[in-house]
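Accompanying notes for the structure given below.
The values are calculated or read from the model by the stated rules, or taken from the named source; none is laboratory data. Only a predicted model underlies this, so the values are computations on that prediction, with no experimental measurement involved. Note: ideal-geometry Cβ built from the backbone for every residue, glycine included; neighbour counts use all protein chains shown.
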Amino acid sequence: MKVSFVTCDVFTDRPFTGNQLLVVPDARGLTTALMQAVAREINYSESTFVLPPKDPAHAYLQRTFVPVKELPYAGHPTVGTAIVMAALGRIAADAPDGVVPVTIEVGFGPLGLELLKADGRVSRVRMEQGKPVWKEPVTGDDVKGQIAAALGVPFDALHASLPPQAVGTGNTFLMVPLASVEAVSSALADTRMLNHLERELGVTGLFFFAIDESGGKPRLRARMFAPGAGVPEDPATGSAAGPVGVYLALHGAVPGGVALGRGRFTIDQGIEMGRPSELDVTVLVENGRPSGVRVEGGAVLMMRGEIDA
């Protein structure tokens, strides 16, 4: 059986940067076991498989796999898959330039996307992420010490006033604010301790970051470790970009502040891996509490081929 695929680099506008993604645009006939085997063989942080939607009013159903398991949803695969499907003429083909709304199906149900089309092609996607959820912040020094050790940073590299906290908008990550960009860059994963924390705290991975005040635009510098999902480090994590916006709104720390009920900032991720990525985040705030979040980014197509499965 031959399986056609397309690869792309996501959350970037340049080849050989961003986060790699394999997309199987027509996965009809593939079993779940075979999808997982393909994802394990390719060994990107995620691979997606496109199927007909359950609701014919929706564009397609997307299944997302990391090398060791299926996820209900992930951010960079959602952006990249939509751009691949548009490039193949399977969605938005007849739509005029501008914002093209589509709805896809993922593990938790329908998900609304906005395809940004210019000069006849879709190069960016904006996604409305799921309803924000969060747990109580981590306050005990013992657990904080384990977090610091798992990231390979000293205890005082943790932010003095912003606590670690599990937050999700589809997938749940432990948000870990650090005191400086230098601390983020210096982190070195302790896989054993990361696996322990992922299990104990019920999170997909640890997303750690610092507010970058070196430039004029509001930005974060971030990294993400998720060895339990088979992802030692991720160059761009769209499903954590939304939760970090929610986290910052919860603590009144959105870079650049919140005006007219929304805050906007950019995440720089993948720098230390040599795959720089940019993720644009808009967090919506009502009565001082986060009510929703949008993540936007681009992608470039890279390769096409077939797998003998």
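Counting only residues that are outside any loop (DSSP other than H, G, I, E, B) and under 25 Å from Arg275 (Cα atoms), how many does the stretch 38-58 have?
Residues in the stretch 38-58 being outside any loop (DSSP other than H, G, I, E, B) and under 25 Å from Arg275 (Cα atoms): 9 in total.
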Only one of Ala240, Ala222, Ala236 is of a type in the set (A, V, I, L, M), in the same structural domain as Pro137 (by TED's automatic domain parsing), in a loop (DSSP other than H, G, I, E, B) and within 19 Å of Leu194 (Cα to Cα). Can you tell me which?
Ala236
Quick check on this structure: which one of Thr17, Thr81 is surrounded by fewer than 24 Cβ atoms within 10 Å (Cβ to Cβ), among the β-branched types (Val, Ile, Thr) and not in a strand (DSSP E or B)?
Thr17
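Matching residues to (1) in contact with a His (Cβ under 7 Å, 6 or more places away or on another chain); (2) in contact (Cβ under 8 Å) with a residue 12 or more places away in the chain:
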{"site": "Thr103", "(1), (2)": "yes, yes"}
{"site": "Gly107", "(1), (2)": "no, yes"}
{"site": "Pro110", "(1), (2)": "yes, yes"}
{"site": "Leu115", "(1), (2)": "no, yes"}
{"site": "Arg124", "(1), (2)": "no, yes"}
{"site": "Glu128", "(1), (2)": "no, yes"}
{"site": "Glu136", "(1), (2)": "no, yes"}
{"site": "Ala148", "(1), (2)": "no, no"}
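Which is part of a loop (DSSP other than H, G, I, E, B), farther than 30 Å from Leu301 by Cβ and modelled with pLDDT of 95 or more, of Pro163, Pro177?
Being part of a loop (DSSP other than H, G, I, E, B), farther than 30 Å from Leu301 by Cβ and modelled with pLDDT of 95 or more holds for just one of Pro163, Pro177, which is Pro163.
For the stretch 269-277, state whether one or more residues are in a strand (DSSP E or B), at pLDDT 95 or above and of a type outside the set (S, T, N, Q).
no
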Filter result (more than 24 Å from Glu278 (Cα to Cα), surrounded by 14 or more Cβ atoms within 10 Å (Cβ to Cβ) and either at pLDDT below 95 or not aromatic (Phe, Trp, Tyr) (or both)) within the stretch 125-142:
Lys135, Pro137, Val138
Looking only at residues that are in a strand (DSSP E or B) and not aliphatic (A, V, I, L, M) in the stretch 182-213, which one is farthest from Val153 (Cα to Cα)?
Asp212
Selection from the stretch 63-98 of residues without any contact (Cβ under 8 Å) to a residue 40 or more places away in the chain and hydrophobic (A, V, I, L, M, F, W, C) yields Phe65, Ala86, Ile91, Ala92, Ala93, Ala95
Of the residues in the stretch 25-49, how many are of a type in the set (A, V, I, L, M, F, W, C) and surrounded by 24 or more Cβ atoms within 10 Å (Cβ to Cβ)?
2
Would a scan of the stretch 286-297 turn up a residue that is aliphatic (A, V, I, L, M) and either modelled with pLDDT under 95 or more than 25 Å from Arg124 (Cα to Cα) (or both)?
no
Across the stretch 188-200, the tally of residues that are of a type outside the set (Val, Ile, Thr) and in contact (Cβ under 8 Å) with a residue 40 or more places away in the chain stands at 6
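Take the residues of the stretch 160-176 that are free of Cβ contacts under 8 Å to residues at least 40 places away in the same chain and more than 26 Å from Leu111 (Cα to Cα): which is surrounded by the most Cβ atoms within 10 Å (Cβ to Cβ)?
It comes out as Val176.
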Can you tell me which of Val184, Val122 is within 30 Å of Ala95 (Cα to Cα), crowded, with 22+ Cβ neighbours inside 10 Å and among the hydrophobic types (A, V, I, L, M, F, W, C)?
Val122
